[in-house]
């Protein structure tokens, strides 16, 4: 029984990581209706950026993430401003195919720059620290930090959306891009900033991804799928729903692995398909699309 | 009957010449194994199955608006079915290929039940998830090698109907006869796919598809059942893709989940072919596969840089020439090889009619 309970706790904590993957995707879905097939590869790009900063400056990973975040913001801003803005419109093909091409470019670019070897970010003693919950249960400090970070990020984004002028502009362009433009909002710039913000969230996700497990240039697409599943399970337009979606995927994966280690990933996908069949619009839908 | 003052035309002048030239080309291609090197024969097999996959993806994405990035699900399914049917069922591979198509057709319905709940771009990622599920399930089939895969027994690859026959008539080695048979299967699948896609698009269903593509709402308001039409196209595409998958893994004679359900090989390359050639046209994938073949032949050695180039090229085409090479050529020279558009041609009023006016 303790084993099962422990498995579920681990799953919830893992869900925090998936929620962090998903929040960036959810943000872009929500504001510009863009489905970014390169999202997973951008997470991996952020992880390699942190690694490169660590290697170049010899600083702590958390400080390196602070350096990488503005870099990734710039990457996101330019990507959206120069390329992705051109693909937005009624036709769904251009954004899909352009981001798919981007995914291949990022994967192979990273392969060229960093080789196919597995890499890892080191957080020192934090990695193995744990807090006892009593009754033979303990949670790692690191996984707990991941979940708390996910909650903090969603909280901060909600503050941004509902309390800051930039958030108002985000919501306005999301509701009706044409009217927003009439009100003096420059959609192209707003979209670019939104992508930049999404990339900052992605950097946080990448930091924990790199500390938690090995990563290499090829693992992006799988992260995209987990993120996507979390968004759809949670329901479009709801960031707290995305967190719930991430946790459902995380718990399903650890439960699957508990039964048979080979079933971890499969169990997560099957949980997603089950939700899709039972509640096609997700658990907490807000947006219509 | 009253003269409506116009007539409907589908064929164009160019298309009539093409029918003739195409027939000659088909005969020449059919006879390739008799005069070409083994290397060329094997490369053409690759070209044929990529072309067939591209035609099917084009039907799905370019005409039915179902942008799938999960067609590797059916390539892999077809491959695994071929292995299962020939190894466990002891069915001849030549029969296993159409059978794999039928089973893939059946599998398409439960798959559609899930992915059709997602629309547009979400559908795309949904198909990818489903393809991953297929891959992970295939890796659980221990009798077919689990995660590491397995090889096809030599008896199966050499026992395909026709090989013994060719060996007896032309007194040739087994390997050569096997290549010839594979070539003709690939040729038949490529030409068959092309004709089926063409027939579908010329039919009532094709008209319905075009209407849905232009405006689903408007099409439904005049009685087109969008869901059923799309479901039907999805299932037909799955059947074709499954047959091609079966052929690919009959020729490769070795299967593993990672290769059979590879998103790069069976979806990314296919999308590249369609996009660069011209999406939403039958000619596009043909042009695209030639470009892809040339790039594969001359640039594949560059490895990662080659893939970066493919990705960049796809992006540039999508941004600046979204209708691809064929779209550009067709618009510029008003050229149509596989006529699909129905055009109204106004009759010139005769002298007699002019008098009446």
Check your understanding: From the list A:211, A:193, which one is under 16 Å from the mean Cα position of the chain (by Cα) and either crowded, with 19+ Cβ neighbours inside 10 Å or not in a helix (DSSP H, G or I) (or both)?
Key -> A:211
Revision key, fill the gap. For residue A:200, the lone unmet condition from (1) in contact with a helix residue (DSSP H, G or I) (Cβ under 6 Å, 6 or more places away or on another chain); (2) more than 22 Å from residue B:135 (Cβ to Cβ); (3) at pLDDT below 95 is (3)
Check your understanding: Do you know which residues across the range A:254-274 are more than 10 Å from chain B (Cβ to nearest Cβ) and over 20 Å from the mean Cα position of the chain (by Cα)?
Key -> A:255, A:256, A:257, A:258, A:259, A:261
Check your understanding: When the range B:273-289 is examined, which residues are found to be surrounded by fewer than 24 Cβ atoms within 10 Å (Cβ to Cβ) and assigned to a helix (DSSP H, G or I)?
Key -> B:283, B:286, B:287
Exercise for review: Could you run through the range B:274-312 and say how many residues are within 12 Å of chain A (Cβ to nearest Cβ) and closer than 21 Å to residue A:92 by Cβ?
Suggested key: 6
Exercise for review: Go through the residues of the range B:314-323 one by one and say whether even a single one is more than 9 Å from chain A (Cβ to nearest Cβ), modelled with pLDDT under 95 and not in a helix (DSSP H, G or I).
Suggested key: yes
Point to revise | Leading residue by the ranking (modelled with the highest pLDDT) among those in the range A:237-253 that are in contact with a helix residue (DSSP H, G or I) (Cβ under 6 Å, 6 or more places away or on another chain) and surrounded by fewer than 22 Cβ atoms within 10 Å (Cβ to Cβ) | key: A:244
Point to revise | Selected residue [in a helix (DSSP H, G or I) and free of Cβ contacts under 8 Å to residues at least 24 places away in the same chain] from A:244, A:206, A:172, A:252 | key: A:172
Revision key, fill the gap. Residue hits (the range B:263-272; over 20 Å from residue B:188 (Cα atoms), in contact (Cβ under 8 Å) with a residue 60 or more places away in the chain and surrounded by 24 or more Cβ atoms within 10 Å (Cβ to Cβ)) are B:267, B:271
Point to revise | Count - residues of the range B:90-126 that are in a helix (DSSP H, G or I) and away from every other protein chain (no Cβ under 11 Å) | key: 18
Exercise for review: For the range A:218-233, state whether one or more residues are within 13 Å of another protein chain (Cβ to nearest Cβ), over 12 Å from the mean Cα position of the chain (by Cα) and farther than 23 Å from residue A:116 by Cα.
Suggested key: yes
Check your understanding: Can you name the residue in the range A:29-58 that is more than 14 Å from every other protein chain (Cβ to nearest Cβ) and modelled with pLDDT under 90 and is also nearest to residue A:102 (Cα to Cα) among such residues?
Key -> A:31
**Study point:** helices (runs of 4 or more DSSP H) contained entirely in the range B:156-262, each with at least 1 residues that are free of Cβ contacts under 8 Å to residues at least 24 places away in the same chain
**Key:** B:163-170, B:174-202, B:204-214, B:216-221, B:226-252
Practice item. List every residue pair whose Cβ atoms lie under 8 Å apart, where the two residues are 6 or more positions apart in sequence or sit on different chains, the first residue falls within the range B:35-56 and is without any contact (Cβ under 8 Å) to a residue 12 or more places away in the chain, and the second residue, located anywhere, is assigned to a helix (DSSP H, G or I) and surrounded by 15 or more Cβ atoms within 10 Å (Cβ to Cβ). Key: B:36/B:44; B:40/B:32
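The values are calculated or read from the model by the stated rules, or taken from the named source; none is laboratory data. Note that the coordinates shown come from a computational prediction; the quantities given were computed from them, not determined experimentally. Every residue, glycine as well, gets a Cβ built from its backbone with ideal geometry; the counts of neighbours run over all protein chains shown.
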